[in-house]
Amino acid sequence: MTDALARACRPRILPVATVADVAIAAPLAAALAAGGATSIEVTFRTEAAPRVIAALANSDLVVGAGTIRTVAQVDEAIAAGAQFIVTPALDDAVVERCLDAGVPVLPGIATATELARALALGVEAVKLFPAEPLGGAALISALTGPFPEARFVPTGGLGAHNAAGYLRLPQVLAIGGSWMVASKLLAARDWDAVRRLTAEAIALGAQG
Ligand code: 3PG
């Protein structure tokens, strides 16, 4: 597995943050690291996202870009310092651009057909999205029958209440979620809560 992807998935918890203010990048990274996280996915849902990624690129965290929908965004994210790319949907051109650049990509898939297409493109793992509405851990188990080589990073609707069901599956490399970096916590600069919720999530990952 690509080193950046292996490091991003090692504690099996991938925090997914939407950050509008680059000024909070450093305290956010510190709180995540204090909670035991080793990675962060910064969504491309704010104008500040590339600058936040650049600000985090020299932190202790493996920094990825999420919500990537276009080839232009792939280029922008990699230029900013993103070490992995996450997409909400499967787009061949986006995946190929990442692979050509040697940057690991977790493309969003929601069906067996999309999973087959992603594997044929040569990805190491996929993001099942949105995992909970689609069927959650039961869907991953069902897909593993015909696709035993598939590896998953499910996100969408996950939290401390349902993480264990995913983490007990060996084909789940990590789970992604925003619950430990929820927008209201970031808006309140509640770094103690970010650290605590991250530590609780990492503990779940260690048990899985
Ligand atoms: C997303 O892209 O929205 C992520 O998958 C995070 O989902 P969540 O906010 O439900 O954790």
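The values are calculated or read from the model by the stated rules, or taken from the named source; none is laboratory data. Quick caveat: nothing in here was measured; it's all calculated off a predicted structure. When we count neighbours, we look across all protein chains shown, and the Cβ atoms used for this are built from the backbone with ideal geometry, even at glycine. Heavy atoms of the whole protein, side chains included, go into the accessibility calculation; ligands, DNA and RNA do not. Shrake-Rupley method; radii C 1.70, N 1.55, O 1.52, S 1.80 Å.
Structure summary
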item	result
Number of positions in the stretch 155-192 that are within 12 Å of the ligand (Cβ to nearest atom), of a type in the set (A, V, I, L, M, F, W, C) and out of contact with any strand residue (DSSP E or B) (no Cβ under 7 Å at 6 or more places or on another chain)	3
Matching entry among Ala150, Ala160, Ala138 (being more than 22 Å from Ala203 (Cβ to Cβ) and either in contact with a Gly (Cβ under 9 Å, 6 or more places away or on another chain) or in contact (Cβ under 8 Å) with a residue 40 or more places away in the chain (or both))	Ala138
Hits in the stretch 20-38 (condition: touching a residue at least 40 places away in the same chain (Cβ under 8 Å), in a helix (DSSP H, G or I) and more than 16 Å from the ligand (Cβ to nearest atom))	Ile24, Pro27, Ala30, Ala31, Ala34
Answer residue from the stretch 126-154, given it is more than 16 Å from the ligand (Cβ to nearest atom), of a type in the set (A, V, I, L, M, F, W, C) and open to solvent by 50 Å² or more (accessible area, probe 1.4 Å) and is nearest to Val16 (Cα to Cα) among those	Ala138
Every residue from the stretch 178-200 that is within 14 Å of the chain's Cα centre (by Cα) and either on the phi > 0 side of the Ramachandran plot or aliphatic (A, V, I, L, M) (or both)	Met180, Val181
Evaluation of Val123 against (1) away from the ligand (no atom under 16 Å from the Cβ); (2) in contact with a Leu (Cβ under 6 Å, 6 or more places away or on another chain); (3) open to solvent by less than 20 Å² (accessible area, probe 1.4 Å) (one fails), failing number	(2)
Residue satisfying all of: in the stretch 39-62; part of a loop (DSSP other than H, G, I, E, B) and within 16 Å of the ligand (Cβ to nearest atom); surrounded by the most Cβ atoms within 10 Å (Cβ to Cβ) among these	Phe44
Gln73 being farther than 23 Å from Pro11 by Cα and either surrounded by fewer than 15 Cβ atoms within 10 Å (Cβ to Cβ) or not β-branched (Val, Ile, Thr) (or both)	yes
Residues of the stretch 63-96 classified as in a loop (DSSP other than H, G, I, E, B) and in contact with a Gly (Cβ under 7 Å, 6 or more places away or on another chain), total	6
Every residue from the stretch 65-95 that is over 17 Å from Val19 (Cβ atoms) and not hydrophobic (A, V, I, L, M, F, W, C)	Arg69, Thr70, Asp75, Thr87, Pro88, Asp91, Asp92
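Quick grid of which residues meet (1) under 20 Å from Arg151 (Cβ atoms); (2) surrounded by 19 or more Cβ atoms within 10 Å (Cβ to Cβ); (3) touching an Asp or Glu at 6+ places or on another chain (Cβ under 9 Å):
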site	(1), (2), (3)
Arg168	yes, no, no
Val172	yes, yes, no
Ser183	no, no, no
Ala203	no, no, no
Gln207	yes, no, no
